[in-house]
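Working notes for the structure below.
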Amino acid sequence: MTQEFRYNRVLVKISGEALKGNREHGYDAEAVHAVVNRVKQIMDQGVEVALVVGAGNIWRGVMGRSGGMDRVNADYMGMLATVMNALCLRDFFNAAGVAALVQCSVGMEPIAPRFNRDQAIKALEAGQLVIFAGGTGSPFFTTDTTAVLRALETDCDAVLKATKVDGVYTADPKTDPSAERFSHLTFDEALARQLKVMDSTAFSMCRDNDLPIIVFNFSDPESFLRVLSGDTSAGTVVSRE
C-alpha cells in the first residue's frame, strides 16, 4: 500500500560526487547502488521521479578554466560528463528492476535520445524514471538550473536537492558548530543571503514560477519519505512565501 505525499512528481538533483563514494573520481559500485536504492524506495511508493545528476565525479569546469581553458569548452566537457553519469545510472536502475530513460539536451543518438517533453511526461506517468542529461545544452548554466528547467517543463511539484546535510544552514555545519539550520526560507531571502546551495538563476526561476526547492540529506534512509510527506524537520523548504 502506497503512502499519500505532499509532492507526487518530483525532480531529484544529485551531485556527481554521490557516484564516486570514497574514490577520488569516477564511479564506485556501492555508491551508485545506494543512489539507486534511495530513489527506488520512493518510486515503489508511487512517486513519479525525474533525475538530474552533476558531473563533479568526472569533471568540473572550474578545473579547466583555472588551467587556461575557454569557459565555453570547459562547460561543454561538463555536459558530456553528465551524459556519462546518466548512462551509468540508467543501467544500474534497469538492473534493479526500475525502467529508466535517458534524454539529452543535445542530439547524441544513438547514445541517448534528445529531450522530448511529451515523451518524458508519458514516461513519468507510466512509472519510469527519467534522467535528464547534457545540462541545458548551453554553456554558462549549471546543472541546478537544468534541474529547475526540466522540473518546470515536466510539471513537477518540487525540486529535491540532495546534499550531505539536512538542509540549509547559516554556515557550513561541518566546520562551524554554531551554524543554524533553516526549516524554511523564501527565495528572496536565499538570494539576499547569497546562499550557495543553488545558483541564483535556479532560485530566480523557481521564484518566478512558484516551484519549491527542498534541500535534504540524501544519505539519511528515511529523509526522502519524510520530505515528500512535508516534514520540514527533514530538510529546508525554499518557496515563494
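Brief remarks follow.
- Derived scalar couplings ³J(HN,Hα) [the range 42-50; Karplus, 6.51 cos²θ - 1.76 cosθ + 1.60; whole Hz; x for Gly, Pro]: 7, 5, 5, 8, x, 7, 8, 10, 10
- Length-normalised contact order for the chain - Cα pairs under 8 Å, 6+ apart - percent: 21 percent
- Distant-in-sequence amide H partners of LEU101 (H built 1.01 Å from N, under 5 Å): LEU129, VAL130, ILE131
- Nearest-0.05 FRET efficiency for ASP155 and ARG114, computed from C-beta distance (R0 22 Å): 0.65
- Note on HIS25 and ASP208: the model spin-label points, each 7 Å out from Cα along the C-beta direction, lie 3.5 nm apart.
- The order of the peptides 146-158, 185-197, 108-120 by mean Cβ neighbours within 10 Å, most packed first, is 146-158, 185-197, 108-120.
- Summing +1 for each Lys or Arg and -1 for each Asp or Glu among the other residues whose beta-carbon sits under 12 angstrom from that of ARG226 gives -3.
- Total formal charge among the other residues, if their Cβ is under 11 angstrom from that of SER239, Lys/Arg +1 and Asp/Glu -1: -2
- Convex hull of the range 125-241 built on C-alpha atoms - directionally averaged projected area, nm²: 8.1 nm²
- Here the relative contact order of the range 1-90, from alpha carbon pairs under 8 Å that lie six or more residues apart, stands at 32 percent.
- Shown here for the range 1-99: GluC sites (Glu not before Pro) in loop regions (DSSP other than H, G, I, E, B) with at most 15 other Cβ atoms within 10 Å, namely GLU4, GLU24.
- Rounded, prolate or oblate (a/c below 1.5 giving rounded, otherwise prolate when a/b exceeds b/c) for the range 1-100 by Cα gyration tensor: prolate
- Inter-part distance where the range 7-23 and the range 94-134 are each reduced to a Cα centre, Å: 16 Å
- Label-point separation in nm, ALA192 to LYS40, each point 7 Å along Cα→Cβ: 4.5 nm
Bear in mind that the values in this text are calculations on the coordinates, not laboratory data. Being a predicted model, the structure only gives us computed values, none of them experimental. FYI the Cβ positions are ideal-geometry reconstructions off the backbone, even for glycines, and counts take in every protein chain you see.
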